[in-house]
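To keep things clear, I will list the structure first and then write my remarks on it.
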C-alpha cells in the first residue's frame, strides 16, 4: 500500500504526487520534487492531459491553453506544484 493510500495528502504538492504516482503506476515514495514528469516518469502528452484533468478536478485549478503549451509547467514535480500553488 502506498503512502497516498494510507495517509490523506495534506498539501497541494502531496495531492499532485499522489496523482502522478497513480497515473505512472509507481509508489509515491519514489517521487520527489526533482522528479521529471517526462524523463523520469515516462509521461507522454496523454498522461499529462490525464494529470491536468485530475488536478483540475481535485484542486479546482484551471489550466489555460497557454499553460498547457508551456513545457516549464510540466518539467518537474516542483514546477507543477509551484504553478498550482500560485494559481
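Coordinate-derived values only; no laboratory data. The shown structure was predicted, so the numbers you read here are calculated from the model rather than taken from an experiment. Positions of Cβ are backbone-derived with ideal geometry, glycine not excepted, and every protein chain shown enters the neighbour counts.
Observations on the model:
- Residue list for the stretch 70-87, filter: over 18 Å from residue 17 (Cβ atoms) and assigned to a helix (DSSP H, G or I): 71, 72
- Among residues of the stretch 11-41, those that are touching a helix residue (DSSP H, G or I) at 6+ places or on another chain (Cβ under 7 Å) and without any contact (Cβ under 8 Å) to a residue 24 or more places away in the chain, counted: 3
- All positions within the stretch 42-69 that are touching a helix residue (DSSP H, G or I) at 6+ places or on another chain (Cβ under 8 Å), assigned to a loop (DSSP other than H, G, I, E, B) and exposed (fewer than 15 other Cβ atoms within 10 Å of the Cβ): 42, 62
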